[in-house]
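The values are calculated or read from the model by the stated rules, or taken from the named source; none is laboratory data. Just so it is clear, the structure is predicted and the values come from calculations on it, not from any experiment. Backbone-built Cβ (ideal geometry, glycine too); neighbour counts: all protein chains shown.
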Amino acid sequence: MTDLLKTSVTEGFERLYGYAPTGVWSAPGRVNLIGEHTDYNEGFVFPFAINRRTFAAVSLRDDGEARVASSFSSEVIQIPVDQISRDSVTGWSAYPLGVAWALKELGGAAQTGFDLYIDSDVPVGAGLSSSAAIECSVAVALNELWDIGLSLRDLARVGQLAENAIVGAPTGIMDQSASLLGQLDHGVFLDCKDLSSQVIDLGFAREGLELLIIDTKVEHRHADGGYASRRAACEAGAKALGFTSLRGATEGDLSRAEVLLDNVTFRRVRHVITENQRVLDTVSTLQAKGPRAIGELLYASHQSMRDDFEISIDELDTAVETALRHGAIGARMTGGGFGGAAIALCPIEKISEISRSVDAEFLALGYAKPDIFVVSAAPGARHE
C-alpha cells in the first residue's frame, strides 16, 4: 500500500500542477494503546504509530503563494503564505496551512510558497489521528525544504500549535509525537508535562499478537460540550486539591478528593489519576512480562472511561465485551469518546473469530456495520 500511495500522490500532484514534485514525505496515523484524557492533564500516554499513512507531495514556489489540494477534495486552496491565519483558512486545509504558519512562528521559516498534494489511507473519524498524519507529513516536508532544521520533538510542537492556533482545536501533543517518533513494533511513552518520551518495545509481533481496530462508525459527538465539560471538571478538581494539574495527584489523594469534590467531579478526577497509573503499569508490565500480561490494564481503562469519565457508548461497550468473550487478551475504547473506535489486543489465530463475532453482535443489535481491521506499530514520519 505504501508504494501505491506514493505513486498515487505523485501522479495526483503532476496531474493537478503540471510538473513533478520535488519529493514525497509521509507520516502515520496513531492509536493510543492506553492513557486517555490524560494528555491535557499533564499526565502519561502510550500511543504508537500505525501502518496507515498520509503522503504529501511537495515543491516550493518562488512567489509566496501556497496551493494545497488532496485526493479527498476537488478543491484547490490558494493563499499567500504570509496571510495564513485562523480567520483566513477553513476545513481540512487548515491543517497543512496551519503547519506552514507554525513553522514560521517556531522555526523562523522564510515566506516561501509551495505546492502541496495529499493522499492518505488513514481512516477519518476512527480516532486514528488522520489530522496529525497530515500535519506531520507536511511538517517534515517543509522542515526539510525550507531548511529549518527542527528536531522531531520540535515538529510535534509545530503540529500542536497549528491545531491550537489555526484549526482552533485545544488538543495536546500526543498525536503528533506518536506520528513523528514511532518505530516498528514500538510504542511512544510520553510524559505530557515535560514532553519527554521513551520508545518502548511492544513485542506484539514476537508474541503472535495483533491490534484489532473496531470502528463503530458512530461519529464523535463533541458538539454537546461533553469534551469541554470533562476538561473543565479536571481543572476544577485539580484546583480544589491544590494542584496546578491532576498530574500532581496520586491514588493516595483519592480519599481526600472524594470528600472535597462533588460526585461527578470526583469520578472524572479518579479516572485521570488511575489512568495515569495504568499507563505506568502497562509500560512496566510490558518490560517485565510482555504484552500478553497487559490485558487486565486495558479493560480496566475501558471500565474507567465507561463508569467514571462516562465517554463510552453502547456500540463501544458491545465491541469491547464481544472481543473479550471471543478471545481478546484485552480491549478498550480509544480516543476522545462519544463514538469512534475500540481496540482489542488479540492472538493472531483469534482475529477472524473476533471480527465475525463483533459483526454478528452489531447486526443483532441493529447497529451500523463496524469497520474492523488490524494495525501494527510502524515507523514515524519520513522522506520517502
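So here's what we get for this one:
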quantity: Given (1) crowded, with 22+ Cβ neighbours inside 10 Å; (2) farther than 25 Å from Met174 by Cα; (3) modelled with pLDDT under 95; (4) not acidic (Asp, Glu), number of the condition Ser73 does not satisfy; calculated: (1)
quantity: Residue list for segment 35-93, restricted to those being of a type in the set (D, E, K, R) and without any contact (Cβ under 8 Å) to a residue 24 or more places away in the chain; calculated: Glu75, Asp87
quantity: Glu144 being surrounded by fewer than 24 Cβ atoms within 10 Å (Cβ to Cβ), in contact (Cβ under 8 Å) with a residue 60 or more places away in the chain and not basic (Lys, Arg); calculated: yes
quantity: Hits in segment 363-384 (condition: in a loop (DSSP other than H, G, I, E, B) and more than 24 Å from the chain's Cα centre (by Cα)); calculated: Gly366, Tyr367
quantity: The lone exception for Ala360 - which of (1) surrounded by 17 or more Cβ atoms within 10 Å (Cβ to Cβ); (2) in a helix (DSSP H, G or I); (3) not charged (D, E, K, R) it fails; calculated: (1)
quantity: Residues located in segment 94-137, provided they are in contact with a Pro (Cβ under 9 Å, 6 or more places away or on another chain) and of a type outside the set (A, V, I, L, M); calculated: Gln111, Gly113, Asp115, Tyr117, Ser129, Ser130, Glu135, Cys136, Ser137
quantity: Sole exception among (1) among the small types (Gly, Ala, Ser); (2) in contact (Cβ under 8 Å) with a residue 24 or more places away in the chain; (3) farther than 19 Å from Val24 by Cβ; (4) surrounded by fewer than 24 Cβ atoms within 10 Å (Cβ to Cβ) for Gly98, by number; calculated: (4)
quantity: Condition broken by Gly35, with the remaining ones in (1) in contact with a strand residue (DSSP E or B) (Cβ under 8 Å, 6 or more places away or on another chain); (2) closer than 19 Å to Ile118 by Cα satisfied; calculated: (2)
quantity: Per-region count, segment 156-165, residues touching a Phe, Trp or Tyr at 6+ places or on another chain (Cβ under 9 Å) and buried (at least 24 other Cβ atoms within 10 Å of the Cβ); calculated: 3
quantity: Residues of segment 167-185 classified as among the polar types (S, T, N, Q) and either out of contact with any helix residue (DSSP H, G or I) (no Cβ under 8 Å at 6 or more places or on another chain) or assigned to a loop (DSSP other than H, G, I, E, B) (or both), total; calculated: 2
quantity: Number of positions in segment 186-206 that are assigned to a loop (DSSP other than H, G, I, E, B), surrounded by 15 or more Cβ atoms within 10 Å (Cβ to Cβ) and modelled with pLDDT of 95 or more; calculated: 3
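This table checks each residue for (1) modelled with pLDDT of 95 or more; (2) surrounded by fewer than 23 Cβ atoms within 10 Å (Cβ to Cβ); (3) closer than 28 Å to Ala228 by Cα.
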position	(1), (2), (3)
Gly290	yes, yes, no
Ala323	yes, no, no
Ala328	yes, no, no
Ala331	yes, no, yes
